[in-house]
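Engineer: My questions all concern the structure below.
Every read-out reported here was derived from the displayed coordinates using simple, explicitly stated rules and does not represent laboratory data. All figures in this text were calculated on a predicted structure; none of them were measured in a lab. FYI the Cβ positions are ideal-geometry reconstructions off the backbone, even for glycines, and counts take in every protein chain you see.
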Amino acid sequence: MTTSDTDGANTTTTPATENDTEIDADVQAELTRLRDSIDNIDAAVVHMLAERFKCTQRVGHLKAAHRLPPADPGREAQQINRLRGLATSAKLDPAFAEKLLNFIIAEVIRHHERIADDALNGTAGTTGTAPDTGE
């Protein structure tokens, strides 16, 4: 909502939405086509992340079995550099790609810590095995 002061009186206006505006049929068709593509890409991203999570769960269990630390700063730095390069090649903002990977890495470390704690306490599998997000 926006507020404007006209002749000393405050008025509130609500920005127009697509529902409030008559949209040309060709424009609407193109919006629908593009949004369908976005929905398909989002589904693919979720499925790819799920596959990645499965791999990092296995990494977490392997680390726990061999008492390796949940975090590997060297590997993380390599991954960040690699992803920044991929982002640049794909014409995606490398800073955005790095933020996304840092978010994923933090979640992976959290999961690896939980797996390690479960292994040390003999409670493996009792806290659930929510998908891991990647290393």
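Engineer: Give me the extension gain from PHE96 to GLU51: residue separation times 0.36 nm, minus the current Cα-Cα distance, reported in nm with one decimal. Don't jump to the answer; show the numbers that get you there.
Structural biologist: Values: separation 45, 0.36 × 45 = 16.20 nm, distance 2.18 nm.
Full extension from PHE96 to GLU51 adds 14.0 nm.
Engineer: Report the label-to-label distance for SER89 and ASP36 in nanometres (one decimal), using points 7 Å from each Cα along the Cα→Cβ vector.
Structural biologist: Going from the SER89 label point to the ASP36 one covers 3.1 nm.
Engineer: Given contacts defined as C-alpha pairs under 8 Å and at least six residues apart, what's the relative contact order of the stretch 24-121, whole-number percent?
Structural biologist: Value for the stretch 24-121: 33 percent.
Engineer: Ranking request for peptides 100-110, 21-31: highest mean number of other beta-carbon atoms within 10 Å first, then the rest in descending order.
Structural biologist: Per-residue mean Cβ counts within 10 Å order the peptides as 100-110, 21-31.
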